[in-house]
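If you scroll down you'll find the structure; I have some questions about it.
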Amino acid sequence: MKKAFSVLVCLTLALCCAVSAAETTVAGKVVMGTISVKGAFELRCALPEGYRLNTLYSDEARYIATLTAGEGKPEMSISVAAEELLYEVDRLNDLDSEALAKIEETFREEDSVEITYMETTHGTRLMVVKENQDETDFLVFYAIYRGYEIEFVLTAEGGVTDKMVAQAVHFLSEMDFVPVE
């Protein structure tokens with residue numbers, strides 16, 4: 001659990017570095033920023049109602065931010081980090097079962113987790129990592145895009161509820177990666 005949280009914080013910091021803090025609306029979505037390493041892309045999605053994006057760290061290789069909405073609401077950390085071993089990988093969709101198993105193992109090293117998959121409306125495959133306990137402290141949504149590892153980690157005081165998971169899935173199902181020319 002501690003390792004997963006540490007990884008989340010590092011990834012969140014990485015996401016902040018690479019993505020600009022601009023939040024402009026494009027086709028009904030909030031542009032969360034532009035990430036640039038071996039090419040550029042925009043990570044677009046509509047922020048959940050009442051939430052705001054707080055950039056914690058940003059540079060050419062990492063971006064880390066949080067989505068917060070105040071007391072009683074779950075927090076979501078976002079991290080994007082360039083990963084040298086994945087430079088040739090466009091999306092998680094492109095990996096075979098052996099490569100996916102290696103990534104899954106990194107999440108299972110310290111915690112007992114359940115791993116499932118979902119796909120956004122734009123065709124991006126997401127790995128969903130849920131802590132395998134009665135009271136789940138975190139839920140990780142993991143994706144790859146153009147050599148970047150992208151993680152969204154949902155945490156809530158008192159545990160993550162099914163309603164919180166449903167809201168996160170709804171929010172992330174509209175997530176889109178758009179190449180910047």
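Tell me whether the stretch 69-91 contains one or more residues that are in contact (Cβ under 8 Å) with a residue 40 or more places away in the chain, among the acidic types (Asp, Glu), outside any loop (DSSP other than H, G, I, E, B) and closer than 23 Å to residue 171 by Cα.
yes
So is residue 161 among the β-branched types (Val, Ile, Thr), touching a Ser or Thr at 6+ places or on another chain (Cβ under 9 Å) and either surrounded by fewer than 17 Cβ atoms within 10 Å (Cβ to Cβ) or within 20 Å of residue 46 (Cβ to Cβ) (or both) or not?
Details: among the β-branched types (Val, Ile, Thr): yes; touching a Ser or Thr at 6+ places or on another chain (Cβ under 9 Å): yes; either surrounded by fewer than 17 Cβ atoms within 10 Å (Cβ to Cβ) or within 20 Å of residue 46 (Cβ to Cβ) (or both): yes.
Against the criterion (among the β-branched types (Val, Ile, Thr), touching a Ser or Thr at 6+ places or on another chain (Cβ under 9 Å) and either surrounded by fewer than 17 Cβ atoms within 10 Å (Cβ to Cβ) or within 20 Å of residue 46 (Cβ to Cβ) (or both)), residue 161 qualifies.
Right, another one. May I ask you to list the residues in the stretch 46-56 that are assigned to a strand (DSSP E or B) and surrounded by fewer than 18 Cβ atoms within 10 Å (Cβ to Cβ)?
Within the stretch 46-56, the first condition is being assigned to a strand (DSSP E or B), and the residues that meet it are 52-56.
52, 54, listed by residue number.
Residues are listed down the side, and each one gets a yes or a no for (1) touching a residue at least 60 places away in the same chain (Cβ under 8 Å); (2) assigned to a strand (DSSP E or B):
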position: 111; (1), (2): yes, no
position: 117; (1), (2): no, yes
position: 128; (1), (2): no, yes
position: 140; (1), (2): yes, yes
position: 153; (1), (2): yes, yes
position: 159; (1), (2): no, no
position: 164; (1), (2): yes, no
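Does residue 174 count as surrounded by fewer than 18 Cβ atoms within 10 Å (Cβ to Cβ) and among the charged types (D, E, K, R)? Let's see the steps before the verdict.
On the way: surrounded by fewer than 18 Cβ atoms within 10 Å (Cβ to Cβ): yes; among the charged types (D, E, K, R): yes.
Yes, satisfied.
Out of all the residues in the stretch 124-149, which are over 21 Å from residue 112 (Cα atoms) and either buried (at least 19 other Cβ atoms within 10 Å of the Cβ) or among the small types (Gly, Ala, Ser) (or both)?
Applying the first criterion (over 21 Å from residue 112 (Cα atoms)) to the stretch 124-149 yields 124-125, 144-149.
Once the filter is applied, which keeps residues that are over 21 Å from residue 112 (Cα atoms) and either buried (at least 19 other Cβ atoms within 10 Å of the Cβ) or among the small types (Gly, Ala, Ser) (or both), the stretch 124-149 yields 124, 144, 145, 146, 147, 148, 149.
If you don't mind, there's one more thing I want to ask. Consider residue 176 carefully, then state whether it is at pLDDT below 90, over 20 Å from residue 47 (Cβ atoms) and of a type outside the set (A, V, I, L, M). Write out each step before concluding.
Working: at pLDDT below 90: yes; over 20 Å from residue 47 (Cβ atoms): no; of a type outside the set (A, V, I, L, M): yes.
No; evaluated as a whole, the condition is false for this residue.
I'm checking my understanding of the structure. Among residues of the stretch 71-114 that are touching a helix residue (DSSP H, G or I) at 6+ places or on another chain (Cβ under 6 Å) and among the hydroxyl-bearing types (Ser, Thr, Tyr), which one is nearest to residue 150 (Cα to Cα)? Steps first, please.
Just the residues of the stretch 71-114 that are touching a helix residue (DSSP H, G or I) at 6+ places or on another chain (Cβ under 6 Å), to begin with: 74, 77-81, 110-111, 113.
Then drop every residue that is not among the hydroxyl-bearing types (Ser, Thr, Tyr), which leaves 77, 79.
Working: 77: 11, 79: 6 Å.
It comes out as 79.
The values are calculated or read from the model by the stated rules, or taken from the named source; none is laboratory data. What you see is a predicted model, and the numbers here were worked out from it, not measured in a lab. Glycine also receives a Cβ, built like all others from the backbone with ideal geometry; neighbour counts cover every protein chain displayed.
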